[in-house]
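Laboratory data are not the source of any read-out in this text; all were calculated from the coordinates shown. As the structure is a computational prediction, the values presented were derived from the model and not from experiment. Cβ coordinates were reconstructed from backbone atoms using ideal geometry, including for glycine residues, and neighbour counts include every protein chain displayed.
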Amino acid sequence: MMLVNSDSEVIDSKGPDFFLDADTKSKIAKDAISKINEDEKLFSSINGGKLFYLCKKDTPPDNFEDDANYSNDKGGNPGDSNFTDHTIYRIAVTDFSNEIKSLQRLSVLLTALFFILSALIILFSRYFVKKTIRPVSDAIISQRQFISDASHELKTPLTVIINNIGNLKKLLSKEHFDTQSIDLIRKNIYGIDEMSTRMKHLTEDLLNLGRLENWQDRKEQMQPVELSKLTDNECMYFEPLFFEDSKSLDYNIADNISILGDTKKMKDLISILLENALKYSVSHTNLTLYKQKNNVILSVENDISKELSKEDTQNIFKRFYRLDESHSSAGYGLGLPIAKEIVAMHKGEIKVKSENKKICFNVYFH
């Protein structure tokens with residue numbers, strides 16, 4: 001608080017004024033006197049709005065005359081304006097410089113936070129959008145691959161059937177049939193029959209795989225399955241087949257192991273794993289069934305001619321994927337994908353590992 005006369009001279013000041021030096025006080029006083037005119041009050045600022053002040057025209061305090069007379073006794077001039085003009089102005093000053101700096105720092109901080117948060121939101125949005133779209137994209141790619149693979153697998157038997165039918169038409173156009181013509185007719189009919197059977201098996205596998213992937217079979221009530229007995233019967237059935245192919249099948253099956261599941265599907269699972277081992281093993285296959293804590297583990301291990309690559313182990317459960325690149329072996333590469341879906345149907349998991357020229361399929365039922 002300052003008391004200022006009409007000549008912009010500071011008469012007195014009260015309150016904390018540590019932030020005001022003499023020049024600043026004089027500047028405030030001159031600015032206030034120049035702006036107040038006839039108004040009773042004036043609210044203004046200096047230094048770019050950092051120092052605000054309120055100026056009010058007022059009467060001198062009660063002891064103002066005594067102070068003036070005392071100053072006169074000390075040698076003051078009675079004609080001085082400080083004594084003759086009793087109009088004074090009270091000026092209350094407030095320093096907002098610290099608050100302005102705080103607001104500036106806050107605005108910078110908020111701006112930085114805005115850009116940082118915006119960048120994070122954009123990054124997270126892109127991540128979650130990609131994650132959301134990925135299953136759809138994978139499904140489209142899988143569908144296209146399926147159509148391509150199915151078309152390729154169907155092309156060979158259809159081509160054989162069409163060619164054989166063409167040969168039969170030529171042979172049947174003859175009026176007389178010799179022994180050679182009859183043999184050719186038999187060969188063409190046999191070829192049509194064989195290719196038709198292959199196509200039948202292919203379509204059945206595709207339908208079976210489609211049902212499993214759509215979880216249609218999960219709606220059926222699961223029943224207790226005597227897995228030990230079922231596995232033993234399948235091994236006994238495949239044992240002569242291994243022997244005929246000059247290969248061996250050893251099996252070690254723990255007694256009294258049962259799970260909740262579908263008996264037919266479990267039989268298909270074991271059959272697929274043993275058939276795959278019969279097809280690709282060099283000489284020996286080993287099957288084990290045992291219980292480990294709360295898990296039932298079915299393991300089928302066989303030796304192979306060459307160790308599987310990382311790509312093979314990643315793709316081996318994909319539809320139409322076969323280890324032999326020429327696709328010369330029997331089958332369509334649907335057995336292991338069906339096995340995987342059967343395991344998933346029973347809330348289990350199937351894993352494959354290959355090392356030391358051996359391949360091992362481990363099925364876990366939890």
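How long is the gain from S45 to Q104 if the chain were fully straight, where each residue apart is worth 0.36 nm and the alpha carbon distance is subtracted?
Details: separation 59, 0.36 × 59 = 21.24 nm, distance 1.86 nm.
Result: 19.4 nm gained on full extension.
Would you work out which of T288, M236, T263 lies farthest towards the positive end of the dipole of region 221-365, given +1 charges on the beta-carbon of Lys and Arg and -1 on that of Asp and Glu, about the Cα centre?
Towards the positive end, the residue furthest out is T263.
Contour minus end-to-end for Y190 and L158, with contour as 0.36 nm per residue of separation and end-to-end as the Cα-Cα distance?
Working: separation 32, 0.36 × 32 = 11.52 nm, distance 1.40 nm.
Full extension from Y190 to L158 adds 10.1 nm.
Counting Lys and Arg as +1 and Asp and Glu as -1, what is the net charge of the other residues whose Cβ lies under 14 Å from the Cβ of S181? Please report the intermediate quantities before stating the final value.
Details: positive: K169, K170, K174, R186, K187; negative: E175, D178, D183.
After counting each charged neighbour, the total is +2.
What net charge do the residues around T285 carry, taking every other residue with its C-beta under 12 Å from that of T285, with Lys and Arg at +1 and Asp and Glu at -1? Mind dumping the intermediate values first?
On the way: positive: K247, K279, K358; negative: E239, D245, D250, E275, E301, D303.
After counting each charged neighbour, the total is -3.
Report the calculated FRET efficiency for T313 and F177 (r = Cβ-Cβ distance, R0 = 56 Å), to the nearest 0.05.
On the way: r = 55 Å, r/R0 = 0.98.
After rounding to 0.05, the efficiency reads 0.55.
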